[in-house]
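Working notes, structure below.
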Amino acid sequence: MSTDPQEFESARGGVPLDEPEVAERGTPVVDHAPSHAGEPVEDVDEPEETAPLTFIGSRQRKTDGLEKSTGRARYTDDLTLPGMLHGKILRSPHPHARIIGIDASEALALPGVHAVVTGDEMPIPFGIIVWTPDEQALATEKVRYIGDAVAAVAAVDEDTANRALGLIRVEYEVLEALLDPFESARRTDVQIHEAKKAGHNGNISKIVKLDFGEVDRGLAESDVVIEGEYFFQGTTHTPIEPHCAIGQWEEGGAPGGRLTVWSSTQVPHYLHRELAKVLELHPARVRVVQPHVGGGFGGKSEPFDLEFCVAKLAMKTGRPVKILYTREEVFLAHRGRHPFHMKYRVGATADGKLKAVDAKTLLDGGAYSSFGLVTTYYSGQLLAAPYEIPAYRFDSTRVFTNKPACGPKRGHGSVQPRFAFEVTLDKLAERLRIDPIELRRRNFMGSFRRTVNELRVTSNGFMECLDSVEAASGWRERRGKMGFGRGLGVAGSCYISGTNYPIYPNRMPQSAVQLQVDRSGRVAVFSGASDIGQGSTSLVAYIVCEELGVPLDHVRVLPSDTDFTPVDLGAYSSRVTFMLGNACIDAARKLKAQVQEAVGEEWGVSPKRVLLAGGRAMDARDTGRNISIVEAFNLAEAKHGTLGSVGSYNTPRDVHGEYRGGTIGASPAYSFTAHVAEVEVDAETGFVDVKSIWIAHDCGRALNPTIVEGQIEGSAYMGFGEALMEEHVFKDADHGRAGLHNAPSLLDYRVPTSLDTPEMTALIVESIDPEGPYGAKEAGEGPLHSTIPAIANAIYDAVGVRMDSLPFSPPRVWRALQEKAAQAQEPERIAAD
């Protein structure tokens, strides 16, 4: 396979670019020449004259920043519709039970109650992954975790709705619950789901076994083999905004009626599809609107019971219905990080070059599939960079348990294995007496390469990331020299910039944008993308300003309404900047060409000489000749008619291997990250104080450095919280309420406050990717991965104990220190005997 960067086409028109040209420029520029005013337009094919980048790469305000900071932004729960009812959902008190019957007559008799809905009215199963539709809006036959939804009520207010829930009688046949993933994988007498094939275990969600190269031979030929077992406890998202949805049914709005659902979802398009499917409505009769979203992090990236319930209740009552989750319900909805039990064997030569990696993983998936099919692949597919791994095997099994379903959380599926692998690399470096950063340098895979599992890597700034954190942290001068209790640790990682493969098979664009220009110079952007705080609404505004030369306050972004915006698949897998950005560039350049043609014709010059920048159109060879951008737009409208354009993006076809599962984990580009963490450990209490984290992230080009730095710091903050505090745990069989969430509130579920958070230094590395918009790659999820193993490795540097299980809470660290002390005393006791 080729490693020539010439073979990688640019996202900017499909022209092959070599690496130095991409890295040194913003957009192509040619030498200026004298103007020839009034002469006919030249017929020669000359290169387009372009100005240096102005908006892109500079620190701009977020377009919705003032609205959010002043409280004017309206979230779903801020919306009130005339005649609106309030809904509540009845949830199972049992982790596993058969539903014998439901009697809602007393609830319906309560004054103020307008409707009750049960699962029999919405029996069609759904699921975000089309091959695993194993959920129902409301359970019909079985409940599979404490909190599983069984009925919903609509009433005049929340208090009445809550009283009505207490009047709904559900008869259950309690079944044995399986809470341990190892037991669930072993048992066949208790089946959480029915087996899809005869002889299969219905408790097994997905098995993936893939190997690349001669793993056993590589391990046998290794000079050193490091083996270890690791455990990553499940964690959840804790967004500030709970899930909320409003349903409205208009009987006369369309033949047969029309449904509108407002939701805090981060995947409006997928919600639109599933609503139509479950409610048996033609998709053209369904509209989904996404207001502002107060955080998602993956926790709102699939449909939930409340969205179906508000829709069905609205259809039954003829009135709008709102359901707002309580904080406890947010924890029950979950879809957070899977608990992973991992075994790793890593072999290397005496000089530190990797020979083979063998990984075996058991994933605790909770009660339903969610994104689990993808997660099982991600647990192995995304480990093969940024290091050169000659042979690699992973064996991953996801099982169902009677707990809330796990799904995607920031850095989906690859945070857990990255923790295990990067700690293993640290152990390898120690065994070989090689500096941990040097070990990682020796195994760098390079740029414009294929990984061992055939993922196509384009630009790769990982070496620069290592250099940056090494220098910023004072690594060479300080590591291992800070005294007992203080230490530094390093880790590296990579992540995708959008998924090559959409959630449901199709060949249509993954992202699209529509632009419309008014005669006043105002540009409207219709975008189906979901802004969940990461700044996608601002992104398209910056691109329009860059390409069309209009001021930022002349751009109106109208996002996330399925009736008016083109399809975008949502905010997940770090796809928005890359895919939406390329789609917007496509649309803007089509419109720009119309304007350049009209102005060039007016001036008698080649359209390629017309620059649009700074609110004006000008002749690149005689900038004294210029007109306002409004005049330029008017000339274009006079020539072409009403100005508008559409743009779209789809991934290249050659970014993955040709084997089953090869598309999962494949991406048009990959980001790269390196972290150094500094910790102080109190040996008497086990308390770990993370002093600083240096985060170097290769984001391609930083389209807005301020937003990129915020994403880097936010990712590292979440990783820090997972490392030291977070645990999504449940009471076990020894308690009377086995399967009950142990801490379903923000008082009990520990997340870092501003007082806990360490000093963070975001170091932007720009490798300028040929596929990305202006060379950009992702920055929202990748910077999380390395935080956790960097802290683990820093703890070892500080006090000499390996933390192979998360979180690194004071009791766990203290026990590890006590075990180390006991082991140190054992030889002395034997000698004394």
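DSSP assigns beta bridges within segment 315-430; of those with both partners inside it, close to 55 percent run antiparallel.
Only protein heavy atoms count here; under a 1.4 Å probe, residue 464 has an accessible surface of about 90 Å².
Set the Förster distance to 60 Å, then compute FRET efficiency between residue 174 and residue 484 from the Cβ-Cβ distance, nearest 0.05.
Computed FRET efficiency for residue 174 and residue 484: 0.65.
Dividing the helix sum by the residues of the chain, where each DSSP H run of 4 or more adds -39500 (n - 2.57), gives a mean residue ellipticity at 222 nm of -8000 deg cm²/dmol.
Per-peptide packing, taken as the mean over residues of other Cβ atoms within 10 Å, places 572-583, 679-690, 328-339 in the sequence 572-583, 328-339, 679-690 from highest down. In the assembled protein chains, residue 791 presents an accessible area of approximately 0 Å² (probe radius 1.4 Å). Taking 0.36 nm per residue of separation and subtracting the current Cα-Cα distance, fully stretching the chain between residue 54 and residue 120 would add 18.0 nm. In this simple spin-label model, placing a label point 7 Å from the Cα along the Cα-to-Cβ direction at both residue 159 and residue 353 gives a separation of 7.5 nm.
Overall, the anisotropy analysis places segment 762-823 in the prolate class: the square-rooted eigenvalues a ≥ b ≥ c of its C-alpha gyration tensor yield a/c not less than 1.5, with a/b exceeding b/c. The charge dipole of the chain, taken about its Cα centre with unit charges on the Cβ of Lys, Arg, Asp and Glu (plus for the first two, minus for the last two), comes to roughly 1200 debye. Each of 548, 104, 719 was placed along the dipole of the chain (beta-carbon charges, centred on the mean Cα), and the one lying farthest toward the positive end is 104.
From most to least packed by mean Cβ count within 10 Å, the peptides 398-409, 718-729 give 398-409, 718-729.
Beta carbons within 10 angstrom, averaged per residue: use that to sort the peptides 781-789, 145-153, 189-197, 645-653, highest first.
So the peptides 781-789, 145-153, 189-197, 645-653, ranked by packing, come out 781-789, 145-153, 645-653, 189-197.
Antiparallel beta bridges, as assigned by DSSP with both residues in segment 475-576, represent about 50 percent of the total such bridges.
Our estimate of slack between residue 815 and residue 231, defined as 0.36 nm per intervening residue step minus the Cα-Cα distance, is 208.6 nm.
Taking a ≥ b ≥ c as the square roots of the Cα gyration tensor eigenvalues, with a/c under 1.5 meaning rounded and otherwise prolate when a/b beats b/c, else oblate, which class fits segment 58-172? Oblate, since a/c reaches 1.5 and b/c is not below a/b. Extension gain for the segment residue 277 to residue 520, taken as residue separation times 0.36 nm less the Cα-Cα distance, is 83.2 nm to one decimal. Calculated from the alpha-carbon coordinates, segment 415-492 shows an Rg and a Dmax of 14.1, 44 Å respectively.
Report the charge-dipole magnitude of segment 378-498 in Debye, nearest 20, computed about the Cα centre from +1 at each Lys and Arg Cβ and -1 at each Asp and Glu Cβ. Value, rounded to 20: 280 debye.
Going by a ≥ b ≥ c, the root eigenvalues of the Cα gyration tensor, does segment 471-527 fall in the rounded group (a/c under 1.5), the prolate group (a/b larger than b/c) or the oblate group?
oblate
Compactness of segment 271-424 is given as radius of gyration and Dmax, 20.3, 73 Å, from Cα positions. For segment 639-704, the alpha carbon convex hull comes to 241 Å³ per residue, rounded to a whole number. Which of the listed residues, 445, 151, 356, is farthest toward the dipole's positive end in the chain, when Lys, Arg count +1 and Asp, Glu count -1 at the beta-carbon? Checking the options against the dipole of the chain, the answer is 151. Considering only 137, 125, 56, and ranking their Cα positions along the charge dipole of segment 37-138 that arises from unit charges at the beta-carbon of Lys, Arg, Asp and Glu, the one farthest toward the positive end is 137. The heavy atoms of residue 463 offer some 50 square angstrom of accessible surface to a 1.4 angstrom probe. At the listed q of 0.12, 0.13, 0.16, 0.20 Å⁻¹, the Debye profile of segment 680-833, built from one uniform point per Cα, gives log10 I(q)/I(0) equal to -0.67, -0.75, -0.95, -1.17.
Can you give me the distance in nm between label points at residue 217 and residue 750, each placed 7 Å from the Cα along the Cα-to-Cβ direction? Each label point is offset 7 Å from its Cα along the Cβ direction, giving 4.9 nm. Think of each Lys and Arg Cβ as +1 and each Asp and Glu Cβ as -1; about the Cα centre, that makes the dipole of segment 264-305 roughly 160 debye.
The orientation-averaged projection of the convex hull spanning the C-alpha atoms of segment 212-360 amounts to 12.9 square nanometres. Taking 2.2 N^0.38 Å as the expected size of a compact globular protein, what ratio does the Cα radius of gyration of segment 389-435 give against it, to two decimals? Relative to the rule-of-thumb radius for its length, segment 389-435 sits at 1.60.
Here is the link list: 427/777; 481/820; 353/409; 403/427; 62/691; 196/343. Which ones come out longer than 24 Å on Cα distance? Don't jump to the answer; show the numbers that get you there.
Working: 427/777 31 Å; 481/820 21 Å; 353/409 32 Å; 403/427 34 Å; 62/691 30 Å; 196/343 28 Å.
With Cα atoms farther than 24 Å apart: 427/777; 353/409; 403/427; 62/691; 196/343.
The values are calculated or read from the model by the stated rules, or taken from the named source; none is laboratory data. Being a predicted model, the structure only gives us computed values, none of them experimental. We place every Cβ from the backbone using ideal geometry, glycine too, and count neighbours over all the protein chains shown. SASA here: full protein model, heavy atoms, side chains in, ligands and nucleic acids out. Shrake-Rupley method; radii C 1.70, N 1.55, O 1.52, S 1.80 Å.
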